[in-house]
Amino acid sequence: MNGQAPQQQSPQPRPTPGLSPADVAAIIERELVRSHYQPVVSMMAQAVIGYEALARASHPFTGQPVPPPELFRAARACGLLLELDRLCRRKALEGFRALPRRRRDQVVSINFEASLLDQGVAGSNHLLRAVEAAGLDPATVAIEIIESKVRDMDSLQRFVETYRAHGFVLALDDVGSGHSNLERIALLKPDVIKIDRSLVQDLDRHFYKQQVVRALVALGHSIGALVLAEGVERQEEAIAALDMGVNLLQGYLLGRPSEDGGAANGASRGEIGELAACLRQHAMANAVRSKEWGRRLEQVESSLLAMVSGVALADIEARLREMIRVHPWLECVYVLDENGRQVSETVCAPHKINYRGQVLYRPAPKGADQSLKRYYLLLGAGLERYVSTPYISMASGNRCVTVSSWFHAADGRRFILCADFDAETLE
């Protein structure tokens, strides 16, 4: 996440109280800025593959640390934002070049104050010259941009194309925050998408965050971008992110920012090893749980099919009500004919259905056309049985898993039994 500037800009920013224009000018003139480096980790490689450079500054007269957002607000207010941003980038590059035990294949991510593109700096090549002056290969430098800060899309696209042509890595920062423009992601085709820490925090505990992260991972991978989760502080968050396809991790769990980059990643080896051990245990436990879950679900499904197979259609709903009564995992059950038409009412467990005045979530009535449902299409294509992944039920608004199977009624006709299981109970 950008450690330099706030995400939102006021149309007419005011000088920050306690930090005067003279203070900002002194910080720039005396170069009272240094960089700390936070490791970026690939768990598949079990290695630090790079660092994000984060600006740190000191007050010119008190020597006290100056919070980066405060410094950048003041610089913007007094017209020194470009000078400050260039100083921070130069210090980041020089510091990275001097990191002890730095590997030549590691990458440094530097934050670029994207709002400056609206001032016409897209073609200055200042950053390219700074990288060359630091003796670095552009291929080892990632430029982090918060695209929502740019109004001039043409300038942003020209900047991205120019620096990509020079071999730089392009990263979009804070993706998934309240200001992200997903259309721009597809247009800019970044090399790295950084998922904002607001989504990563407690990712293991929030289903809706998980769905957003899955969608961002799918979008990133579809355009050939690596996906990085930033702000990872707990092992459970890291494991959840990796389960969803995230490629890279960054956060206090794997290393705090420091001037020497944790002696160029040595400090992160223990954390990486510990997380790797947890990932192995998690994978093994998942495999055992999945096998047991599948076995139990198959047993319940067999029991349900036995209750409806060979039964007259007129008696089907009575059997469905009996299923709900004896199987606590069930949320809803219903039956379709071969054309995908619902031939029974949707019978639901009353304690699992809470309408709360909702009109979006209602059990489908008898006669409903379900022929476009994924389970029907797959069964119609030849499958005998289909088990869905967890999804939000249109019958209840709850997370559920649907198991669908063919069976024969008393008259020999084929029907499909659809059983919605409460996903929370299954898990």
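Within segment 185-217, the set of residues being open to solvent by less than 40 Å² (accessible area, probe 1.4 Å) and either touching a Ser or Thr at 6+ places or on another chain (Cβ under 6 Å) or farther than 25 Å from Gly50 by Cα (or both) comprises Asp196, Phe207, Gln210. In segment 385-403, the qualifying residues are those that are free of Cβ contacts under 8 Å to residues at least 60 places away in the same chain and farther than 16 Å from Phe207 by Cα, and the one that is farthest from the chain's Cα centre (by Cα) is Tyr386.
In the condition set (1) touching a Pro at 6+ places or on another chain (Cβ under 6 Å); (2) closer than 27 Å to Leu242 by Cβ, Ile145 is compliant with all but (1). Across segment 145-172, the qualifying residues are those that are farther than 13 Å from Ala225 by Cβ and in contact (Cβ under 8 Å) with a residue 60 or more places away in the chain, and the one among them that is surrounded by the fewest Cβ atoms within 10 Å (Cβ to Cβ) is Ser148.
Every condition in (1) in a loop (DSSP other than H, G, I, E, B); (2) within 22 Å of Ala423 (Cβ to Cβ) is met by Val311 except one, and the failing one is (2).
Every test in (1) in a helix (DSSP H, G or I); (2) out of contact with any Pro (no Cβ under 8 Å at 6 or more places or on another chain) is passed by Val131 save one, and that test is (2).
Within segment 372-384, the set of residues being open to solvent by 30 Å² or more (accessible area, probe 1.4 Å) and more than 32 Å from the chain's Cα centre (by Cα) comprises Gly380, Ala381, Gly382, Leu383, Glu384.
Take Arg234 and tell me if it is within 15 Å of Leu199 (Cα to Cα), touching a Leu at 6+ places or on another chain (Cβ under 8 Å) and surrounded by fewer than 22 Cβ atoms within 10 Å (Cβ to Cβ). So Arg234 fits the description; yes.
Exactly one residue out of Gly245, Gly220, Gly255 is outside any helix (DSSP H, G or I) and surrounded by 18 or more Cβ atoms within 10 Å (Cβ to Cβ): that is Gly255. Remark: pairs (first residue in segment 335-363, on the phi > 0 side of the Ramachandran plot and open to solvent by less than 70 Å² (accessible area, probe 1.4 Å); second residue of a type in the set (Gly, Ala, Ser) and modelled with pLDDT under 95; Cβ separation under 9 Å; 6+ apart in sequence or on different chains) = Gly340/Gly380.
The values are calculated or read from the model by the stated rules, or taken from the named source; none is laboratory data. Here the structure is a predicted model, which is why all the values come from computation and not from measurement. We place every Cβ from the backbone using ideal geometry, glycine too, and count neighbours over all the protein chains shown. Ligands, DNA and RNA are stripped out before the accessible areas are found, and what is left, the full protein with its side chains, is counted by its heavy atoms. Shrake-Rupley method; radii C 1.70, N 1.55, O 1.52, S 1.80 Å.
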